[in-house]
Amino acid sequence: MNLDAIHLEHVSKRFRLGAAHDYGRLTEAVAAKVRGLFARKRTNKQAEAIGSTTPGHNLVHMVAGQPSTVAGQMEDDWFWALRDVNLTVKTGEIVGLVGRNGAGKSTLLKILSRIVSPTEGRVGVRGRVGSLLEVGTGFHPELTGRENVFLNGAILGMSRADIRRRFDEIVAFAEIDSFLDTPVKRYSSGMAVRLAFAVAAHLEPDVLIIDEVLSVGDQAFQRKCLGKASQLGDQGRTILLVSHNLSAVANFCRRAILMQNGCVIADGQPDFIIDRYLMDSNAGAGEVIWADDATAPRTSGIRLRSVAARGNGTSQPCGELDIDQPIEITVDYEVLQPQEKVSIQIQLKDETGTFVLWSANAPSMNSGHDPWFGQTHQPGMYRSRCRLPANFLNDTRYFVSVLIGESIGAPALRQDSALSFLVHDTGAMRREFTGSWVGPVIRPRLDWCTTQIPSRLDSSGL
């Protein structure tokens, strides 16, 4: 009998915006109480002033109405991260969660991991849950790697004897033998992920929950982790995976769920869900503009304004480009603070989620030097351009992610799949070949040269 491993009924979760919340430290509670006393005194003085100028009027306390029923939107001081989610996952299923940033995926996983409680609805999870949501989740930074293995095992409900029996496997998988007795606070993010996944996977949870944290590790370790997760799935463990790597979801998961604005909008085979996710992208017109200050992606010093694709030096953005023409990707951004250093980076993926290329406005021996790289920016609008050569990409759809930060490799702002465009082969590379170019991600026209050389017989003198 295939039992339900996860069952959610009408689950919703809202968060209060700003610093105010219903829980916290004792010092925060005392400070909030003091602020409340001062606020009441000011209110009383205002009421007296109103009463003295307009007799017969009393101070009215406004009561906020019911919070918005639309997930992913704000109402007064509340934000609904999830709204009316109904979901069932059977024991042994491997399910991928996909969706844009802010869709509610991580909030859902935190509810399943019992880190936060739902505002409304019922949640049922059968068996022991192992979670890997953030780098260092469940680790005490002052304890060594060895001590944290036993701590995590105890949290998962394992006996000391069971942990000892699996300890050597965990250490071998994590590949951090030399640092086992070093405090975790001295680990790199990659080392912490290695140990965290090794613990979560080898202590035999009934439900394993993995967020995007695996992207921190190197490619070899990511493949190793997915292989181990697949092995757990074959053993009947239930696995939930959140990843922007669509190829991993397509190849690893047997079912996928698409989330948008805190709601489940599609559930089915991974190929179907991925196609739906890509086609629902609002970036198919060749340009995405964030004109509203409140909704534009931003950091404290930078606000992203637009991302666009253009072909053959044209001024107008276009979502469908000719393979035989150069492609220019532009990123418009606003610097909000003086003396801000800005590095612009783009990542290109195809429609299967395969990573095609990564580039930044760093100095290059061949393409010259961006004069703004490494320089401080004053407040104002800026545009960075990246030019892809003609006859370089294949004829398919591509998705552009934008990363902005002070230095390369450490972005403070990341906008995944910000823009999509379609490359068409209009016949430029089919003059000599009329078949279908299936398979390659890029399709450059490279330099070839053929010359006639002496045969082996001639060169040997025989």
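The values are calculated or read from the model by the stated rules, or taken from the named source; none is laboratory data. Keep in mind the model is a prediction, meaning the values are calculated, not measured. Ideal geometry is used to build each Cβ from the backbone, glycine not excepted, and the neighbour counts take in all protein chains shown.
What are the pairs, 6+ residues apart or on separate chains, where a residue within the stretch 222-233 that is assigned to a helix (DSSP H, G or I) has its Cβ under 6 Å from a residue that is of a type in the set (A, V, I, L, M, F, W, C)?
Gln222/Leu214; Cys225/Phe197; Cys225/Leu214; Leu226/Phe252; Lys228/Ala201; Ala229/Ile239; Gly233/Ile94; Gly233/Ile239
I'd like to know if the stretch 84-101 contains one or more residues that are part of a strand (DSSP E or B), basic (Lys, Arg) and within 20 Å of Ile239 (Cα to Cα).
Yes, the stretch 84-101 contains at least one residue that is part of a strand (DSSP E or B), basic (Lys, Arg) and within 20 Å of Ile239 (Cα to Cα).
Can you confirm whether Val249 is modelled with pLDDT of 80 or more and assigned by TED's automatic domain parsing to the domain that holds Arg165?
Criteria met by Val249.
If I ask for residues that are surrounded by 18 or more Cβ atoms within 10 Å (Cβ to Cβ) and closer than 11 Å to Val199 by Cα, which ones from the stretch 169-189 would you list?
Ile170, Val171, Phe173, Ala174
Quick grid of which residues meet (1) under 30 Å from Ile170 (Cβ atoms); (2) of a type in the set (A, V, I, L, M, F, W, C):
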residue: Gln231; (1), (2): yes, no
residue: Asp234; (1), (2): yes, no
residue: Gln269; (1), (2): no, no
residue: Ala294; (1), (2): no, yes
residue: Arg298; (1), (2): no, no
residue: Arg305; (1), (2): no, no
residue: Ser315; (1), (2): no, no
residue: Pro338; (1), (2): no, no
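Consider Gly353 carefully, then state whether it is assigned by TED's automatic domain parsing to the domain that holds Asp293, assigned to a loop (DSSP other than H, G, I, E, B) and surrounded by 18 or more Cβ atoms within 10 Å (Cβ to Cβ).
Taking the combined requirement at face value, the residue satisfies it.
If you go through the stretch 302-321 one residue at a time, how many are farther than 30 Å from Phe392 by Cβ and at pLDDT below 90?
0
Being at pLDDT below 90, among the small types (Gly, Ala, Ser) and at negative phi is the filter here, so list the residues in the stretch 366-404 that pass it.
Selection gives Ser367, Ala390.
Listed here are the residues, each with its yes/no results for (1) under 20 Å from the mean Cα position of the chain (by Cα); (2) closer than 30 Å to His10 by Cα.
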site	(1), (2)
Phe252	yes, yes
Gly268	no, yes
Ala291	no, no
Ala308	no, no
Asn312	no, no
Pro326	no, no
Gln339	no, no
